[in-house]
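What follows draws every value from the coordinates through simple rules; no lab data is involved. If you're wondering where the values come from, they're calculated on a predicted model, not measured in any experiment. Note that we place each Cβ from the backbone using ideal geometry, even for glycine, and neighbour counts take in every protein chain shown.
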Amino acid sequence: MARTVVTMPGDGIGGAVLEQALRVLEAAGFKADYVHADIGWEYWKREGNPLPDRTLDLLEKHRIALFGAITSKPKDKALAELDPSLRDRGLVYYSPIVAMRQHFDLDICIRPCKAFRGNPLNFIRRGPGDTVEEPPVDVVVFRQNTEGLYGGVEWTAPPDSVYDALMSHPKFRANFSRVPRQDLAVSTRIFSRNACRRILTAAFEYAREYGYRSVTICEKPNVIRETSGMMTEEGRNISGKYPEVELWETNIDAQMMWLTKNPEDYGVVVSGNMFGDIVSDGFAGLVGGLGFACSANIGEEVAVFEPTHGSAPKYAEYDVSIVNPMAMILSACMMLDHIGERDRAAGIRKAVARVIEEGRVRSYDMLKLKGSPEVLRQGASSTEQITDAIIAAM
């Protein structure tokens, strides 16, 4: 029986890569009814809401979605592009993917960073005797998705109640009491114990199921003592239930150095929202960049699957799309895993790996070309040609 999957192309290249992922799913024999949902910058400009209620209703009903990409801009630019008839209503732009995560409590974000053999963008280093080594990077980042610095609890010129509460803290009073309130901007980093437990348990379960030998908590408890400290404390408590999986702890700044020294040592990595965003992009850079970076946003009822790249609006204007669709296609594989279609997902991944290793069809980023329409004359394959090759390999 066909499933129903909500499709949200979003902005820029989102539609182009989503279209190719649907072609691959069809070629793999996956049967689904696809329901379009509105999201993104155009709906902000026209309606003052980049995540309309009608889209939330579709996600609530069908619970599985594929998402392309969105454009987000700072609040001054967002206001400037809002329809003039809406500008006096006090509307504030807020990232629709962040809003979606919080609305449905999609608190577990999974970002695999796995190197494919033959990818010319894979990380290499010098070894003994001036040899060249290409370490087998296979890291899965578990990012807490709904709290931390992305929680949206922030103020410029904080109101009396917030300012008075901040002044009750001796460090705020000592360091900021002389700053005029209108010159203060405050963003909070809030962790809750239950959310820490959920992301850590999911990470350990994943490591056990897929044979990873370690779970690394990547935070900064020596400085951010309360929030990072809570994540670390809960990780130590939970690790005892998984004796076959080692618990490691790193600081985010040191981790960014070590991931280019010994990336093959790491398996599953767990972080809060901001640090998870940083460390997943860092590892993605070792396996080819965001053109290969897939992700899942998973809650107890709803799950949304998306590439982690942006909307790249200038590329959407090209007559022939040149962007790499593999991150979107691999995100679709994560959806298949989630709904129990693991054999189909494995078949698609094998086809992607074959195309990359054979090297006859490569995107402009794999050829290290600067993105422009000219790359097609310089040997790069179009978005559609890359998908054609994956389908042929299947």
*asked:* If you average the C-alpha positions of the stretch 291-313 and of the stretch 39-114 separately, how far apart do those two centres end up, in angstrom?
replied: 14 Å
*Between their Cα atoms, which of K31/K61; K114/K220; K171/K220; K220/K261; K31/K370; K31/K350 are more than 27 Å away from each other?*
K31/K370
*Mean Cβ neighbour count within 10 Å, used as a protection proxy, ranking 214-222, 315-323, 88-96, 67-75 highest first*: 214-222, 67-75, 315-323, 88-96
_Segments 170-178, 247-255, 304-312, 347-355 sorted - mean Cβ within 10 Å per residue, highest first_ = 304-312, 347-355, 247-255, 170-178
*Return the calculated 222 nm mean residue ellipticity for the chain, to the nearest 500 deg cm²/dmol, obtained by summing -39500 (n - 2.57) across DSSP H runs with n ≥ 4 and dividing by the residue count.*
-12000 deg cm²/dmol
*If you take the square roots of the eigenvalues of the alpha-carbon gyration tensor of the chain and sort them as a ≥ b ≥ c, do you get rounded (a/c under 1.5), prolate (a/b over b/c) or oblate?*
oblate
*Name the shape class, rounded, prolate or oblate, that the alpha-carbon gyration tensor gives for the stretch 16-148, where a ≥ b ≥ c are the square roots of its eigenvalues, rounded holds for a/c under 1.5, and otherwise prolate holds if a/b is larger than b/c and oblate otherwise.*
prolate
*Between rounded, prolate and oblate, where does the stretch 20-73 land on the alpha carbon gyration tensor, with a ≥ b ≥ c its root eigenvalues, rounded for a/c under 1.5, else prolate if a/b exceeds b/c?*
oblate
*Using a 10 Å cut-off on Cβ atoms, rank the peptides 147-160, 118-131, 97-110 from the highest mean neighbour count down.*
97-110, 147-160, 118-131
*Taking θ as phi - 60°, what are the ³J(HN,Hα) couplings along the stretch 289-295 by the Karplus curve (6.51, -1.76, 1.60), each to the nearest whole Hz, with x for Gly and Pro?*
x, 6, x, 10, 9, 9, 7
